[in-house]
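These notes are about the structure you will find just below.
What follows is calculated from the coordinates using simple rules that are stated; it is not laboratory data. Nothing here was measured: the structure is a model prediction, and the numbers come from that model. With ideal geometry, Cβ positions are generated from the backbone for all residues, glycine too; neighbour counts draw on all protein chains shown.
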Amino acid sequence: MVGVLERRTVKGAKNMIPVCEPLLDEKELAYVTDCLKTNWISSKGKYIEAFEEGFARYCDCKYGIATTSGTTALHLALASIGIGPGDEVIVPAFTMIATVFAIIYTGAKPVLVDAEPDTWNIDPAKIKERITDRTKVILPVHIYGHPCEMEAIMEIAGKYHLWVVEDAAEAHGAEYRGKKAGSLGHLSCFSFYANKIITTGEGGMVVTNNDGVAQKARLLKDLAFSTEKRFLHLSIGFNYRMTNIQAAIGLAQLEKINDLVAARRRNAHYYNRLLKDVPGITLPVERKEAKNVYWMYGILIEDEFGLSRNELMVSLKEKGIETRSFFYPMHQQPAFQEMGLFAGEKYPVTEALAQKGLYLPSGSGLKNEEIEEVCQTIKEIRGRILDIPK
Ligand SMILES: Cc1ncc(COP(=O)(O)O)c(C=O)c1O
C-alpha cells in the first residue's frame, strides 16, 4: 500500500525525495472496500453526503457540492452565479491556469491583477483600477496555502456589488483573522487532486453559505435534471459528479485533516529554521492575521544566491531531490495569447516570481531527515559553486 506503509518512488527513480505524495492508510482502504462490496460505486451513496457535509462543516459553511475536480468546481461556481459572455472576472496574473480556464469556459473575460511581492497573492491595492461596468466577480487565489488579504477584497466587492469566489484549491485549513479559507468569500472552490492537503485522487468541491447558489450548483452539476419530470431539462447542465469511491477516500482524509495541516506547517517551520541564513533565498511569509498551511513550501532564488533557480533545480534533481518551478504568468500563456488576450500587458511581480520561484518537497509525510537532506544539499550546491568552505 502506498503512503504511510510504503513510499512510492517518483517515475521509477530510486530514493528520490518527491515533491509531494498522498498519505493513505487502512481507513481509505476500508471505506473504498465498503463501496466496492456494497456496489455503491457511482455518484450516489453515503460517502458523498458525509464528505460534502463534513468538509463544508470543516470550512464553517452550510453547503458543500462535490465535483470531479477543482477546475470543474470553479466552472460550476461561476455558472451558478450566472457568469457568462459580456461579464468580466478579476483574477490574479500569478495562479495555476485552471483558475483562468474556468472563466473562459463561461464565456466571460478574465482581467488580470499583479501579485503582492511577499504573499504572492492578488494585490488588493491594484484591484480597483481594473474594475469596469462589466466586472461581476473578484476571484482571489490563496497561493500555496497563504490566505489572501480578504478584508480589503470584501470591502471592494461590497462597494462595487461584486461576487467573491475564492479559489481555495491550495488552502484547505488556511485561516484569515481566525476564519477558515472557504468561508471568507460568497462561495469557494477546493481541489482534492492527489497532491492537495486532502485528496480524493481527482475531485473538487464548491462550498457556500448561500442557499440559492448551493441549490443552483447542485442542479447544474448533475445535468440540470428537473425534479418534477425526469429527462426534462430547464437549463444547460454539466456532469461534474464525484463518485462515492472518491468521496470515501475524501472522508477518510477529512478525518485526519488536522494532522495533515499540522504536518505541512511543521515542515515549513523546520525548512525556515534551516534555510533562514542562506544568502539569496527568500522564504515564504505568514502574515500576522493569516494561518498559512504551506500546501507547497515555496522559496525565491535571488541573484545573491549565485545560481539561477533553474540551475539549482537541475542540481537538486541530480542529487535525488524533486522540485517544481512556480507558475508561468497568465499573460504569457500561449493558450491565451492565441485568443488575443492580455496583449502588451505587464505584471512585474508575477514575472519575477515565475523566474525566481520554486517549491521544495512539501508532502505531509515528509520526514525531518529528508528536510535536513534537502537543506544541506542546497547549502552544498551553493558552497561548491561559490567555493565557500563548509
Ligand atoms: C489554484 C488552483 N486552482 C485550481 C486548480 C485545479 O484543480 P484540479 O487540478 O483539481 O482541477 C489547482 C490545481 O492544482 C490550483 O492549484
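If you take the charge dipole of the chain about its Cα centre, with +1 on Lys and Arg Cβ and -1 on Asp and Glu Cβ, which of Gln337, Tyr63, Ile371 is farthest toward its positive end?
Tyr63
Which shape class, rounded, prolate or oblate, goes with the chain when its Cα gyration tensor gives a ≥ b ≥ c as root eigenvalues, a/c under 1.5 marks rounded, and past that a/b bigger than b/c marks prolate?
oblate
What is the extension gain from Asp303 to Tyr160, computed as 0.36 nm multiplied by their sequence separation minus the C-alpha to C-alpha distance, in nm to one decimal?
47.4 nm
With θ set to phi - 60°, apply the Karplus curve 6.51 cos²θ - 1.76 cosθ + 1.60 along segment 52-57 and write out the HN-Hα couplings as whole Hz, x wherever there is a Gly or Pro.
4, 5, x, 6, 4, 4
Of Arg218, Arg265, Arg273, which has the largest mean-square fluctuation in a 10 Å C-alpha GNM of the chain?
Comparing Arg218, Arg265, Arg273 in the GNM, the peak value goes to Arg273.
Compare the Cα positions of Ala263, Leu112, Gly357 along the charge dipole of the chain (+1 at Cβ of Lys, Arg; -1 at Cβ of Asp, Glu; about the Cα centre) and return the one farthest towards the positive end.
Value: Ala263.
Given +1 on the Cβ of Lys and Arg, -1 on the Cβ of Asp and Glu, and no further charges, what dipole in debye does segment 26-254 carry about its Cα centre, rounded to the nearest 20?
For this selection, approximately 760 debye.
Just the number, please: percent antiparallel of the DSSP beta bridges in the chain, rounded to the nearest 5.
60 percent
State, as an integer percentage, the relative contact order of segment 26-254 based on alpha-carbon contacts under 8 Å between residues 6 or more apart.
The value is 28 percent.
Counting only residues 5 or more places away or on other chains, whose amide H sits under 5 Å from the amide H of Ile17 once H atoms are built in the peptide plane?
Those qualifying (amide H under 5 Å, at least 5 residues apart or on another chain) are Ile321, Glu322.
Please work out whether segment 60-212 counts as rounded, prolate or oblate from its C-alpha gyration tensor, where a ≥ b ≥ c are the square roots of the eigenvalues and a/c under 1.5 means rounded, while otherwise a/b larger than b/c means prolate and anything else oblate?
rounded
Could you compute the FRET efficiency for Glu380 and Asp118, with r as their C-beta to C-beta distance and R0 at 30 Å, rounded to 0.05?
0.60
What residues have an amide H closer than 5 Å to that of Thr67, excluding those fewer than 5 places away on the same chain, when H is modeled at 1.01 Å from N in the peptide plane?
Gly204, Met205, Val206, Met242
When the Debye formula is applied to the Cα atoms of segment 257-386, each taken as the same point scatterer, what base-10 log of I(q)/I(0) results at q = 0.23 Å⁻¹?
-1.37
Which translational diffusion coefficient, to the nearest whole µm²/s, is obtained for segment 79-129 from the Stokes-Einstein equation, given a Kirkwood hydrodynamic radius over C-alpha pairs, 37 °C and 0.692 mPa s?
For the chosen part, D equals 285 µm²/s.
Karplus couplings for segment 284-297 from phi (6.51 cos²θ - 1.76 cosθ + 1.60, θ = phi - 60°), rounded to Hz, Gly and Pro as x?
My calculation for segment 284-297 gives x, 10, 9, 5, 5, 8, 10, 10, 7, 9, 6, 3, 10, 8 Hz in order.
In debye, nearest 20, what is the charge dipole magnitude of segment 257-386 about its Cα centre with +1 on Lys and Arg Cβ and -1 on Asp and Glu Cβ, if you could check?
Dipole magnitude for segment 257-386 comes out near 340 debye.
Using a basic spin-label model with each label point 7 Å from the Cα along Cα→Cβ, how many nm lie between Ile41 and Lys288?
In this crude label model, Ile41 to Lys288 measures out at 5.6 nm.
Can you work out the FRET efficiency for the pair Tyr328 and Glu373, with r the C-beta to C-beta distance and R0 = 25 Å, to the nearest 0.05?
0.30
Taking amide hydrogens as modeled 1.01 Å from N in the peptide plane, which residues meet the under 5 Å criterion relative to Lys109, leaving out close sequence neighbours?
Answer set, sorted by chain and number: Gly86, Asp87, Glu88, Val89.
Sort 65-75, 84-94 for me by packing, meaning the mean count of neighbouring Cβ atoms within 10 Å per residue, highest on top.
65-75, 84-94
Using the Cβ atoms and a cut-off under 9 Å, what net charge is assigned to the surroundings of Ile65, where Lys and Arg are +1 and Asp and Glu are -1?
+1
Express in nm, to one decimal, how much length is gained between Asp211 and Arg230 on full extension, taking 0.36 nm for each residue of separation and deducting their alpha carbon distance.
Computed gain between Asp211 and Arg230 is 4.5 nm.
With a ≥ b ≥ c taken as the square roots of the eigenvalues of the C-alpha gyration tensor of segment 1-147, please select rounded if a/c is under 1.5 and otherwise prolate if a/b is larger than b/c or oblate if it is not?
Because a/c hits 1.5 or more and a/b fails to exceed b/c, segment 1-147 counts as oblate.
Residue by residue, what Karplus-based ³J(HN,Hα) values in Hz, rounded to whole numbers, does segment 129-138 have, using 6.51, -1.76 and 1.60 with θ = phi - 60° and x for Gly and Pro?
Values per residue, Gly and Pro as x: 5, 9, 7, 10, 4, 8, 5, 10, 9, 10 Hz.
Filter Lys288/Lys379; Lys276/Lys356; Lys317/Lys379; Lys291/Lys319; Lys126/Lys196; Lys256/Lys291 down to the pairs with a C-alpha to C-alpha distance above 23 Å, please.
Long pairs (Cα-Cα over 23 Å): Lys288/Lys379; Lys291/Lys319; Lys126/Lys196.
In percent, how large is the relative contact order of the chain, given Cα pairs closer than 8 Å and 6 or more residues apart?
21 percent
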